Amino acid sequence: MEPQASEPLKEKLPPIRTMRSDAAAASQKPGTSAISLLARRLKQKRDETPQKPSSPKRTWLIAGILIFFLLAALAGAWIYFKYLKLEPPPAPVEERPEKLIAAEEEILDIKELENILSHGPEVEKFKVIFFNLSPGEFLARTGLKPPARLKSQIQVYNLGLFNDAGLIHPFLIFKVASFEEAFAGTLLWEKNMPKEFQIFFPRLREVSELEISFQDQVIKNQDARVLVRDGAAEFLYTFFNKNLLIVTDSQKTLEAIISRYTIFRPN
């Protein structure tokens, strides 16, 4: 009696394919290399990968973002041009100087001062000379150095000429803010005024420091301070209406100015 087989014969399974085994098998084929095999494998894998269709939501999202940035840029440009853009400065407008006495007027260069003082108006007439200088610049250019108490109060100045029977007499008018401060400053200035005003009144070069002594006088109902020399007024000043400091070298010129103000009231 033949013995029975203890175990049935196992069926033979086909070998498992791997990338290495495929590559080994393919490499045995003539004209096939590992590189060409790898390229073919990658192409096959790429062909098998499904292409994802673009999402409509994504397209609309991108379009919305682009539109948002475009609108933001337009809004920013509008705000800049309407509110933030600096406008070019306006062209400077030359302000007309304030005239402190009714008279013929002329705007000249301070460099021509000496020539200006020798060419006045007609007899018994006034003329006002304007310069394109601030009060501070005018004082500096002419060498006038009033004390700070007076200088700080000067708002406007006029240089004028009066023709007294053919003799040209200059005068200066300073509009001041405070009479008390200006008057106190002028009193301090008296000892230096004859020397500093020589540019306008050459006769003051003959006055020595020992002769500098001002006296109180009343001229045309106005309190005045007068420098008397050899019995005549050499230099004098007054505050008309307590806001106009008038300086001149001739009593008749001062009287003419005061008379002028009774007809043409100053500002």
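The values are calculated or read from the model by the stated rules, or taken from the named source; none is laboratory data. The model shown is predicted, which means the values in this text are computed figures rather than measured ones. Glycine gets a Cβ as well: all are built from the backbone with ideal geometry, and neighbour counts include every protein chain shown.
Out of curiosity, is ALA224 touching a residue at least 12 places away in the same chain (Cβ under 8 Å), farther than 26 Å from LYS127 by Cβ and of a type in the set (A, V, I, L, M, F, W, C)? Steps first, answer last, please.
Values: touching a residue at least 12 places away in the same chain (Cβ under 8 Å): yes; farther than 26 Å from LYS127 by Cβ: no; of a type in the set (A, V, I, L, M, F, W, C): yes.
No: the conditions fail for ALA224.
Let's see how each residue does on (1) at pLDDT below 70; (2) among the aliphatic types (A, V, I, L, M):
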position: LYS45; (1), (2): yes, no
position: THR49; (1), (2): yes, no
position: LYS52; (1), (2): yes, no
position: LEU86; (1), (2): yes, yes
position: GLU94; (1), (2): yes, no
position: GLU98; (1), (2): no, no
position: LEU113; (1), (2): no, yes
position: GLU122; (1), (2): no, no
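Within segment 94-117, how many residues are surrounded by 14 or more Cβ atoms within 10 Å (Cβ to Cβ), farther than 21 Å from TYR261 by Cα and out of contact with any Asp or Glu (no Cβ under 9 Å at 6 or more places or on another chain)?
3
Keeping to segment 143-155, report how many residues are surrounded by 16 or more Cβ atoms within 10 Å (Cβ to Cβ) and either assigned to a strand (DSSP E or B) or modelled with pLDDT under 95 (or both).
1
Among the residues of segment 218-265, which ones are among the basic types (Lys, Arg), assigned to a strand (DSSP E or B) and modelled with pLDDT of 95 or more?
Keep residues of segment 218-265 that are among the basic types (Lys, Arg), which gives 220, 225, 229, 242, 252, 260, 265.
If we keep only those that are assigned to a strand (DSSP E or B) too, we end up with 225, 229.
ARG225 - this is the single residue of segment 218-265 that is among the basic types (Lys, Arg), assigned to a strand (DSSP E or B) and modelled with pLDDT of 95 or more.
I need the full set of residues from segment 118-142 which are in a strand (DSSP E or B) and surrounded by fewer than 18 Cβ atoms within 10 Å (Cβ to Cβ), in order please. First the steps, then the outcome.
Pass one, segment 118-142, residues in a strand (DSSP E or B): 126-130.
Of everything in segment 118-142, just one residue is in a strand (DSSP E or B) and surrounded by fewer than 18 Cβ atoms within 10 Å (Cβ to Cβ), namely PHE130.
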